[in-house]
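Written out below as structure tokens is the structure these notes cover.
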Number of protein chains: 2
Amino acid sequence: MDMGNSHQVTIKDIARELNISPSTVSRALKDHPDISKDTKKAVSDLAKKYNYQPNAIALSLRSRKTNTIGVVVPQIVHFFFSNVISGIEDIAYDKGYNVMVCQTNELQEREEKSVQALLASRVDGLLVSLSKETKTYDHLRKVTDGGTPLVFFDRKSDDFDVSSVVIDDYEGGYQATEHLAKQGYKKIAHLAGPLNLTLSKSRYAGYQQALKDYGLDYRRDYVIECANGTIEEGYQKTKPLLDLRDKPDAVFAANDPAAIGALKAIKDSGLRVPQDIGVIGFSDWQLASLVEPALSSISQPGYEMGAEAARLMFKALEAAKGEEVEKENIVLKTNVISRESTQKK
Amino acid sequence: MDMGNSHQVTIKDIARELNISPSTVSRALKDHPDISKDTKKAVSDLAKKYNYQPNAIALSLRSRKTNTIGVVVPQIVHFFFSNVISGIEDIAYDKGYNVMVCQTNELQEREEKSVQALLASRVDGLLVSLSKETKTYDHLRKVTDGGTPLVFFDRKSDDFDVSSVVIDDYEGGYQATEHLAKQGYKKIAHLAGPLNLTLSKSRYAGYQQALKDYGLDYRRDYVIECANGTIEEGYQKTKPLLDLRDKPDAVFAANDPAAIGALKAIKDSGLRVPQDIGVIGFSDWQLASLVEPALSSISQPGYEMGAEAARLMFKALEAAKGEEVEKENIVLKTNVISRESTQKK
DNA sequence: CTGAAAGCGCTTACAG
DNA sequence: CTGAAAGCGCTTACAG
């Protein structure tokens, strides 16, 4: 007897063996009220025996639904993005959806091809975080024009009327600066991120506002742009700050590697952290707890971002056909993680 | 005119507009030699105009190939596994395949459901790293019984005659110990991983062999098991070692967090790293470079593991139907990353 | 050079 | 209570 080895058993196979029609088998399997008890039993027994699994591809073709969502992300290996993916995956799992993941490696061309491939695979919806390189959006226009729900996370384009989830960078910059001010630091410098990015500008703006609100001076020479955000760059760009006649007593770095570089530069110059100079970072990684002294940082809720983005996606997917879905643009709050590097007292 | 908005244009649509049959459109699109130049041009013009994309679902149903591979991984957020996924994704991208990723969160039940879901989605092949909990393998039997290629990575079961890629943990343990010996350390302790895991036992065995090869004493009281592998545990379990009358002059920890804990314990006790005691870890994360002193470590090639596993998968997928594919069980070498914590001289 | 038919695996309106 | 037919979007052997 053919045990269906290396050939997935189909409804037809069951129908043939039972001398009934495929239609009846199909109905029996979904417990349709029309079908007799006996037939149902015979069908379900055989289905169990042969470990029948409905062919999702065939279902997708009929229903025009794949129960799959696509995710396009700049880099899988970044701690932040892997958290986002994890959040998306957990929610999708609960909903019985599969997740296709593509990484762009920060290349627009690869982003375009990935979107294209996911569209060809007829994903039910697409979650996208733009590559740093991406300047044009035709590939995403195709998504929305085709009627496929699109949700942005972390890196969005404002050219689209779609839902999105981003971090509140302004608030993060504010929180970091406020935290330093509350710890008693008065002369707070800022190692900014690349200022062509909105997110860097927002953190910078939050920094300025917090200075104002806490009655501290804003000094242009206390702000230095770190274009790459590496440890090395943080180290090099902190040195001149320490050579100032009126040197800062705290540093807020817009990313953790730069903060770690600052930490080293300060220690190398013979000053103490946090007694002489406090340092706070902005966390892309989970590294901050390991340096010495442990680095205070602003945490970005990656997992939550993924879960929220997925939630917005399912909201769109579950809407009745044609029903207009209200777009949400969610801004997630950051949190201050206070560690040794800012414990002035 | 209907621009096909919110309805992907099909071959039928093009056929209708051109008053030809779908068969002809299909052939024209694939540049079939039978079709006239004029027809081809008309078809391809219209396809371009409407941005026609072949429906991959329909193709899959016909060809019984989805051009999708499934990945089942314990945790997406682990640096090591995210590297593996990244490696898989890059290779799959080059081959024009999509990747579905499921995480089990180390739960057997979720592993079973994920495998089941991927099978239902008719992935062409499955790459699996077992959850820590997994004790039975019926869900994976279904994969191989159904004729779907299976490849294990990192955590495998030996009950299957399938290809696999793992890390050479024995060699890694050997390398770590050898490195310490070559740096001039003589009394090398070992913070072992949970010894019910094969990988911990292998690292331990490599440690023992290297001691022997370098003429160093193996002392049972120099070996301590760290069940959780946390920083805290590494800290606590290192202290007794430092209280020994004849204390070790080096520590090989089977994982990085434990090594970092050891580092702290040693520094807290007033001893210096690397002058008094050398420390080397085994790297699950990318953290080792950040602690002070920077931690030497054994690196596990996660990206390469993913790329190799994908390569093995495509080897199976590209084999002619029915052709027997030779199974490969690849063991990837680790590398010594030498940093400050072992620079005795 | 082109088309009608069958089929991939399923569902469901229609008919009996 | 059950079945034949049509269709999801495509391809291809067969016929002309």
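Results for (1) aliphatic (A, V, I, L, M); (2) within 26 Å of the chain's Cα centre (by Cα); (3) modelled with pLDDT of 95 or more; (4) open to solvent by less than 60 Å² (accessible area, probe 1.4 Å), shown as yes or no for each residue.
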residue	(1), (2), (3), (4)
B:196	no, yes, no, no
B:242	yes, no, no, yes
B:258	yes, yes, no, yes
B:282	no, yes, no, yes
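The C-beta contact set for the range A:12-25 (first residue under 15 Å from residue A:41 (Cβ atoms) and open to solvent by less than 60 Å² (accessible area, probe 1.4 Å), second residue of a type outside the set (A, V, I, L, M) and part of a helix (DSSP H, G or I), distance under 7 angstrom, 6+ apart or interchain) comprises A:20/A:39; A:24/A:39. Among the strands (runs of 3 or more DSSP E) confined to the range A:236-345, the ones with at least 3 residues that are closer than 29 Å to residue A:147 by Cβ are located at A:329-332.
Of the listed requirements (1) closer than 30 Å to residue B:96 by Cα; (2) at pLDDT 90 or above, residue B:318 misses just one: (2). Being in contact (Cβ under 8 Å) with a residue 12 or more places away in the chain and within 25 Å of residue A:257 (Cβ to Cβ) is a description that applies to residue B:335.
Within the range B:104-122, the residues that satisfy the criterion of being in contact with a strand residue (DSSP E or B) (Cβ under 7 Å, 6 or more places away or on another chain) and more than 11 Å from chain A (Cβ to nearest Cβ) are B:111, B:115.
Here residue B:171 meets the list (1) modelled with pLDDT under 95; (2) in contact with a strand residue (DSSP E or B) (Cβ under 9 Å, 6 or more places away or on another chain) almost entirely, failing just condition (1). Inspection of the range A:192-201 identifies at least one residue that is in contact with a Pro (Cβ under 9 Å, 6 or more places away or on another chain), over 23 Å from residue A:274 (Cα atoms) and of a type outside the set (A, V, I, L, M, F, W, C).
Quick check, is residue B:15 away from DNA strand D (no atom under 11 Å from the Cβ), more than 30 Å from residue B:117 (Cβ to Cβ) and over 44 Å from the mean Cα position of the chain (by Cα)?
On the way: away from DNA strand D (no atom under 11 Å from the Cβ): no; more than 30 Å from residue B:117 (Cβ to Cβ): yes; over 44 Å from the mean Cα position of the chain (by Cα): yes.
For residue B:15, the condition - away from DNA strand D (no atom under 11 Å from the Cβ), more than 30 Å from residue B:117 (Cβ to Cβ) and over 44 Å from the mean Cα position of the chain (by Cα) - is not met.
One residue alone among B:86, B:63, B:114, B:121 is under 17 Å from residue A:89 (Cα atoms), within 16 Å of DNA strand C (Cβ to nearest atom) and not hydrophobic (A, V, I, L, M, F, W, C), and that residue is B:121. Scanning the range B:159-166 turns up no residue that is more than 20 Å from the chain's Cα centre (by Cα) and among the β-branched types (Val, Ile, Thr).
Please enumerate the residues belonging to the range B:4-45 that are hydroxyl-bearing (Ser, Thr, Tyr) and either within 12 Å of DNA strand C (Cβ to nearest atom) or within 14 Å of chain A (Cβ to nearest Cβ) (or both).
B:6, B:10, B:21, B:23, B:24, B:26, B:36, B:39
Only a single criterion out of (1) surrounded by fewer than 22 Cβ atoms within 10 Å (Cβ to Cβ); (2) over 20 Å from residue B:174 (Cα atoms); (3) at pLDDT below 90 is not satisfied by residue B:291, namely (1). For beta carbons closer than 7 Å, sequence separation of 6+ or different chains, a first residue in the range B:237-265 that is within 24 Å of residue B:299 (Cα to Cα) and touching a residue at least 40 places away in the same chain (Cβ under 8 Å) and a second that is open to solvent by 10 Å² or more (accessible area, probe 1.4 Å) and among the hydrophobic types (A, V, I, L, M, F, W, C), the qualifying pairs are B:237/B:224; B:256/B:285; B:263/B:273.
Specify which of the listed residues (A:65, A:48) is more than 17 Å from residue B:99 (Cα to Cα), more than 9 Å from every other protein chain (Cβ to nearest Cβ) and not in a loop (DSSP other than H, G, I, E, B). If you could, list the steps in order and put the result at the bottom.
Numbers: A:65 fails: not in a loop (DSSP other than H, G, I, E, B).
Answer to the selection: A:48.
Taking every residue in the range B:139-167 that is within 11 Å of another protein chain (Cβ to nearest Cβ) and pairing it with any residue that is among the small types (Gly, Ala, Ser) and buried (at least 16 other Cβ atoms within 10 Å of the Cβ), at least 6 positions away or on another chain, the pairs with Cβ-Cβ distances below 7 Å are B:148/B:125.
Out of A:43, A:72, I need the residue that is assigned by TED's automatic domain parsing to the domain that holds residue A:148 and either under 30 Å from residue B:91 (Cβ atoms) or surrounded by 12 or more Cβ atoms within 10 Å (Cβ to Cβ) (or both). Which one?
Details: A:43 fails: assigned by TED's automatic domain parsing to the domain that holds residue A:148.
Residue meeting the stated conditions: A:72.
The residue pairs whose first member lies in the range A:32-58 and is near DNA strand D (Cβ under 7 Å from one of its atoms), whose second member is assigned to a loop (DSSP other than H, G, I, E, B) and open to solvent by 40 Å² or more (accessible area, probe 1.4 Å), and whose beta carbons are closer than 9 Å, counting only pairs six or more residues apart or on different chains, are A:39/A:20; A:58/A:10. Reported count of residues in the range B:18-31, each being under 25 Å from residue A:118 (Cα atoms) and more than 10 Å from DNA strand D (Cβ to nearest atom), is 1.
Within the range A:170-189, work out how many residues are under 25 Å from residue A:309 (Cβ atoms) and either in contact (Cβ under 8 Å) with a residue 40 or more places away in the chain or small (Gly, Ala, Ser) (or both).
Residues of the range A:170-189 under 25 Å from residue A:309 (Cβ atoms): A:170-176.
The next check asks that each one be either in contact (Cβ under 8 Å) with a residue 40 or more places away in the chain or small (Gly, Ala, Ser) (or both); those that pass are A:171-173, A:175-176.
Residues in the range A:170-189 being under 25 Å from residue A:309 (Cβ atoms) and either in contact (Cβ under 8 Å) with a residue 40 or more places away in the chain or small (Gly, Ala, Ser) (or both): 5 in total.
The set of residues from the range A:72-91 being more than 9 Å from chain B (Cβ to nearest Cβ) and of a type in the set (A, V, I, L, M, F, W, C) comprises A:72, A:73, A:80, A:84, A:88, A:91. Selection of the range A:123-138 for residues being among the aliphatic types (A, V, I, L, M) and either free of Cβ contacts under 8 Å to residues at least 12 places away in the same chain or out of contact with any Phe, Trp or Tyr (no Cβ under 9 Å at 6 or more places or on another chain) (or both) yields A:123, A:126. Across the range A:209-235, the number of residues qualifying as at pLDDT 90 or above, part of a helix (DSSP H, G or I) and surrounded by fewer than 16 Cβ atoms within 10 Å (Cβ to Cβ) comes to 4.
The values are calculated or read from the model by the stated rules, or taken from the named source; none is laboratory data. What you see is a predicted model, and the numbers here were worked out from it, not measured in a lab. So basically every Cβ, Gly included, is an ideal-geometry build from the backbone, and we count neighbours across all protein chains shown. In case anyone asks, the SASA skips ligands and DNA or RNA and just uses the protein heavy atoms, side chains included. Shrake-Rupley method; radii C 1.70, N 1.55, O 1.52, S 1.80 Å.
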